Structures are given as structure tokens and as C-alpha cells.
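Below you'll find the structure, written out as C-alpha cells, and then a few comments.
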Amino acid sequence: MFKHYENRYVFLLNKKTQNRYWIIQELYRQQKELYDTKKHSTADRIVNICQPYIRSIIRGKDCHSVEFGAKISASESGGMSRVERISWDNFNETTDMVLQLEMYKKTYGLFPELLLADKLYLNRKNRK
């Protein structure tokens with residue numbers, strides 16, 4: 001992999017191939033860990049060599065139990081949508097309601113008159 005060239009070592013792979021090489025090494029490490037421990041999941045599991053930052057998100061829907069891609073937390077006001085958080089990792093969007101309300105107040109100077117949300121957001125912390 002390395003070549004001695006003019007008193008220094010040079011990596012023989014170009015940047016893209018070198019990156020893929022490291023990704024495949026990590027993928028192999030993850031798969032070996034799963035095999036050795038007989039587990040079915042690992043932290044930051046690589047599911048796509050070309051896009052290693054993509055994570056699977058378990059949704060539990062009838063037709064597709066797993067989805068891939070970024071997950072966003074967004075709010076809408078006056079016909080304009082605003083993304084509060086974007087992540088390739090799974091997260092519970094109900095924890096962002098307080099953040100969204102604070103960002104609304106920072107932008108408009110007051111809290112919204114009306115808040116419409118899914119039943120999922122009706123937890124004790126958000127009601128408080």
C-alpha cells in the first residue's frame with residue numbers, strides 16, 4: 001500500500017479509493033464484531049459503501065419496516081417551512097418541540113398563538 005519515494009512514504013491509492021479502502025476496513029470490523037458476538041446491531045452500522053454516513057431507521061410501517069436517508073425536524077409558520085435539525089442518525093423528534101418554540105420566539109419575538117402537533121408530541125415534558 002505504501003511506497004518509499006524520495007525519503008518519504010507515499011500512499012499508492014488515490015483519495016477516493018483510499019477512502020473506500022478505509023470504509024471497507026470498518027465495514028469488515030463491524031461484520032466481524034456482529035459475527036463474533038452473535039449480535040444483530042452495532043453502533044453507526046455502515047449500510048452503503050458509497051455513502052457510509054447513511055443509517056437505517058426502523059419505522060415499523062406495514063410496507064417498509066426500514067427507511068434510509070436523513071431525518072429532519074421541521075416547523076411551519078405562515079406557509080414557510082424551517083428545518084430545525086437534520087441528521088443521518090435516528091432521533092426522537094418529540095424532543096425538538098421546545099427547541100422549535102424557542103427558535104420561533106427568537107425569530108418573531110413571541111411564542112406562537114397556536115401549536116398544532118401530532119399525538120406523539122403530547123408527553124409530560126412537552127405539556128409542561
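Details
- For segment 122-128, Karplus couplings with θ = phi - 60° (6.51, -1.76, 1.60), whole Hz, Gly/Pro x: 8, 9, 4, 5, 5, 5, 5
- Set of aspartates and glutamates with alpha-carbon distance to residue 125 below 17 Å, sequence-local pairs under 8 removed: 93, 96, 102
- Net length available on complete extension from residue 12 to residue 86 is 23.0 nm, with 0.36 nm assigned per residue and the Cα-Cα distance removed.
- Which of 22, 88 has the fewest Cβ neighbours within 10 Å, and the rest in rising order: 22, 88
Laboratory data are not the source of any read-out in this text; all were calculated from the coordinates shown. The structure displayed is predicted, hence computed values, not measured ones. Cβ coordinates were reconstructed from backbone atoms using ideal geometry, including for glycine residues, and neighbour counts include every protein chain displayed.
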